[in-house]
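Asks: Dumping the structure here so I can ask a few things about it.
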Amino acid sequence: MTKPMYRGETPKIIALGAEAALIKHTFLGMPAVYKVRLPKPYRDPKLDLRLRSERTATEAKIIHDLRLAGLPVPALYYVSLSEGLIVMEYVEGDLLRDLINRRISGYVDLVRELGKVIALMHGLGVVHGDMTTSNVVVREGTPYVIDFGLAKYSSELEDVGVDVHLFIRAVESTHYDVMEEVTIAFFEGYASIAGEERVKEIKEKVKEIRLRGRYVEERRQKRNK
Amino acid sequence: MIILGIESTAHTFGVGIVKDEPEYILADVRAKYVPEKGGIHPREASLYFMREAPRVIAEALQTAGLRMNDVDGIAVALGPGMGPCLRVGATIARALSVYFNKPLIPVNHAVAHIEIGKLITGAKDPLIVYLSGGNTIIAAFVAGRYRIFGETLDIPLGNFMDTFVREVGLAPPYVVKGMHQLDKCAEESKEKKILNLPYVVKGQDVSFSGLLTAALRLVRSGKAKLEDVCYTVREIAYSAIIEVSERGLAHTGKKEVLLVGGVAASSVLRSKFEAMAALRRVDVKVVPPKYAGDNGVMIAWTGLLALKHGVTIEPERAYVRQRWKLDQADVPWGDP
Ligand SMILES: Nc1ncnc2c1ncn2[C@@H]1O[C@H](COP(=O)(O)OP(=O)(O)OP(=O)(O)O)[C@@H](O)[C@H]1O
Ligand SMILES: Nc1ncnc2c1ncn2[C@@H]1O[C@H](COP(=O)(O)OP(=O)(O)OP(=O)(O)O)[C@@H](O)[C@H]1O
Ligand SMILES: [Mg+2]
Ligand SMILES: [Mg+2]
């Protein structure tokens, strides 16, 4: 890695995500996050390289595009595919997950705002691929969406449905006790951008997605045929 | 406390008897329905269960050296599973409960797979990774239930592996000497080539149907060596599972992983889990094959935990629940 980027305050590891190490530091004097996708020892090295560079490229491209479209995502500062490195704007704030868990006043409004952002993002033909409340940082009342490594360009109902399914399931498992109001607020925000009709369509899709894969009985019967 | 448990959700009619202190397991008798050809016919399986039930129950009591009156409760798996099969177990359990005047305890089959795994491996508060022919689930205990953090969006891992090897003519048998045909075939790939096949992970969910279609198409096109396709498919499928498990660990902060279900017997998969776990400094525990498959012991053990927390059901209300999902079952004993 090029040394000059590291000059300034001491780098600090802020998170070890499933995919990457996140280091807070500065970039050309601005507060920045260095997201490094490190090799995984359990993956075949060639597959590992493929996944790390694909995801680094995807994340960089999509946050850049969404930023240019005016959505609240970190600004892209620097990319190195071979190192699996992205340098982006540091968003000073709290994870939406923690704000909901602490029940700060107005958390429902934040979720409604998030619903709007996600609807706008889907409207631009982008699905996130890992929509959870841990992938949202709230700065001054605005929910910034992060972690776009699993995102892709798609406007298909199927992909949009999966995106929303992931969000709802994450809410169910993480915020089970306020699940209802959170999901309602999310759809309110979403509908205010995309319209009630679209929301209805998406909800139907989500229902269908959730019935797949889960069930044992039919599978077991099919298997031996 | 001594509990008798009855399993009859799919292919196995099993009766287990357990006690609340070591050696815990007093009896474990199973009758497995093996269809002559094709898949399981629920009605045929249920007829088989009805024929076998009296023998299995008697044998279990005999092994434990007990009589029905020594038992403190009757546990039964009310779901999820196949209706006709479930009804055999439920009917017998209701009758025993009424006739011998013992409390009847409703048990969720998926919860039971987890509880027996915890008992045998000593796992306390694990991230649960349940990989079988019928299930691909990442779950963890949070506030009274096993919550689902990830699952498959289409076919389960074991089903995917079995279908692939069957379609390319490597199976049946699917598993030879403890090794799945997919692992065997993959090991033959000398170059360890990674072909261009789709890797699909969505958050904490996996999806294998696109991989299956693409891999089969590639084999049929003759453009790649079978063993290279096997290697790629195996690496992609296992890596995807490890990735979503790792995300589950990062998300829940759990310090152990418990592998449940038939596919956990793959030593290749296990060593990948161990490599991931070492990196995150967590422990990996694996349910041994004997208790990974359906059995009555797991129902009895879960019933015992439930009864200690006052969970019982009136026999006339003990309906079977074919689609009783893991995250819909209350687990009042679950706090680590
Ligand atoms: N631009 C940013 N500004 C501030 N904090 C950030 C930023 N990017 C990431 N973080 C912090 O780092 C954590 C992990 O980041 P991220 O979700 O991108 O990593 P990951 O390895 O892809 O995670 P996952 O396990 O979800 O795949 C976030 O939850 C957040 O706390
Ligand atoms: N050594 C092994 N390596 C890899 N896979 C294996 C091995 N042994 C068995 N399996 C796979 O495990 C699966 C069977 O799992 P299991 O018996 O736990 O459950 P099931 O009846 O298929 O489903 P469930 O009980 O969850 O509804 C099959 O797909 C089989 O190929
Ligand atoms: Mg993340
Ligand atoms: Mg990520």
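The values are calculated or read from the model by the stated rules, or taken from the named source; none is laboratory data. In this text the structure is predicted, and so the values were computed from the model without any measurement. Please note: Cβ atoms are built from the backbone with ideal geometry, for glycine as well, and neighbour counts cover all protein chains shown. With ligands, DNA and RNA removed, areas are computed over all heavy atoms of the protein, side chains included. Shrake-Rupley method; radii C 1.70, N 1.55, O 1.52, S 1.80 Å.
Asks: With contacts defined as alpha carbon pairs under 8 Å and 6 or more residues apart, what's the relative contact order of chain A in percent?
Replies: It rounds to 16 percent for chain A.
Asks: Summed for both chains, how many Å² of accessible area, to the nearest 100, are buried between A and B with a 1.4 Å probe?
Replies: Result for this pair: about 4400 Å² buried.
Asks: When you look at the Cβ of every residue in B:101-112, what mean number of other chain Cβ atoms sits within 10 Å?
Replies: 0
Asks: Another question about this same structure. Using only the alpha-carbon atoms, how far is helix A:45-68 inclined from the longest principal axis of chain A? Give it as 0 to 90 degrees, nearest 10.
Replies: Here the helix axis deviates by roughly 90 degrees.
Asks: May I ask you to list the GluC sites (Glu not before Pro) in the stretch B:151-241 that are in a DSSP loop and have at most 16 other Cβ atoms within 10 Å of their Cβ?
Replies: Here the GluC sites (Glu not before Pro) that fit, given the DSSP loop and packing criteria, are B:Glu188, B:Glu191.
Asks: Restricting to bridges with both residues inside chain B, how much of the DSSP beta-bridge set is antiparallel, in percent to the nearest 5?
Replies: Rounded to the nearest five, the antiparallel share is 60 percent.
Asks: Near the amide H of A:Ala32, under 5 Å away, which other amide H atoms are found, from residues 5 or more places off or on another chain, if H is placed in the peptide plane?
Replies: HN-HN under 5 Å from A:Ala32: A:His25, A:Thr26, A:Phe27, A:Tyr90.
Asks: For a protection proxy built on the mean count of beta-carbon atoms within 10 angstrom, sort B:255-261, B:198-204 highest first, please.
Replies: B:255-261, B:198-204
Asks: A further question follows. So, in Å, what gap is there between the alpha-carbon centers of the stretch B:46-101 and the stretch B:195-212?
Replies: Between the Cα centre of the stretch B:46-101 and that of the stretch B:195-212, the gap is 41 Å.
Asks: For chain A, take the longest principal axis of its alpha carbons; what is the angle in degrees between that and the long axis of helix A:107-123, to the nearest 10 within 0 to 90?
Replies: Approximately 90 degrees, to the nearest 10.
Asks: Ignore the peptide's own chain and count Cβ atoms of other chains within 10 Å of each Cβ in B:149-160; give me the average, rounded.
Replies: Per residue, the average neighbour count from other chains is 4.
Asks: A follow-up question, please. Per-residue Cβ counts within 10 Å, from other chains only, averaged over A:93-101: what number is that?
Replies: 0
Asks: So if the hydrodynamic radius of the stretch B:123-262 is defined as the Kirkwood radius over C-alpha pairs, what does Stokes-Einstein give as its diffusion coefficient at 20 °C and 1.002 mPa s, in µm² per second?
Replies: 137 µm²/s
Asks: Right, next: Using alpha carbons only, how many angstrom separate the centre of the stretch B:110-128 from the centre of the stretch B:224-250?
Replies: Each part's Cα centre sits 24 Å from the other's.
Asks: OK, next. Just want to confirm a number: the relative contact order over chain B, from Cα pairs under 8 angstrom separated by 6+ residues, in percent.
Replies: The value is 27 percent.
Asks: Helix B:209-221 versus the longest principal axis of chain B: what is the Cα-based angle in degrees, 0 to 90, to the nearest 10?
Replies: Computed tilt is about 50 degrees.
Asks: Counting DSSP beta bridges with both partners in the protein assembly as shown, what percentage is antiparallel, nearest 5?
Replies: 75 percent
Asks: Could you tell me which GluC sites (Glu not before Pro) in the stretch B:32-118 are loop residues by DSSP with no more than 15 other beta carbons within 10 angstrom of their beta carbon?
Replies: Within the stretch B:32-118, the qualifying GluC sites (Glu not before Pro) (loop, at most 15 other Cβ atoms within 10 Å) are B:Glu36.
Asks: Ok, one more. For the stretch A:156-163, take each phi angle, set θ = phi - 60°, evaluate the Karplus expression 6.51 cos²θ - 1.76 cosθ + 1.60, and give the result in whole Hz per residue in order, putting x for glycine and proline.
Replies: 5, 4, 3, 5, 4, x, 4, 4
Asks: Could you report chain B's accessible area per residue, 1.4 Å probe, as an integer in Å²?
Replies: 38 Å²
Asks: I need to check one value: relative contact order of the stretch B:123-289, counting alpha carbon pairs closer than 8 Å and at least 6 residues apart, in percent.
Replies: So the answer I get is 29 percent.
Asks: Among A:195-204, A:14-23, how do they line up from the highest to the lowest mean number of other beta-carbon atoms within 10 Å?
Replies: For the peptides A:195-204, A:14-23, the packing ranking is A:14-23, A:195-204.
Asks: Further question on the same structure: Report the charge-dipole magnitude of chain B in Debye, nearest 20, computed about the Cα centre from +1 at each Lys and Arg Cβ and -1 at each Asp and Glu Cβ.
Replies: Value, rounded to 20: 540 debye.
Asks: If you build a Gaussian network model of chain A, linking Cα atoms that sit under 10 Å apart, which residue out of A:Pro72, A:Pro45, A:Pro11 swings the most?
Replies: For chain A, modelled as a Gaussian network with Cα springs under 10 Å, the answer is A:Pro45.
Asks: Using a 1.4 Å probe on the protein chains only, how many percent of the accessible area of chain B belongs to carbon and sulfur?
Replies: Solvent-exposed carbon and sulfur of chain B make up 52 percent of the total.
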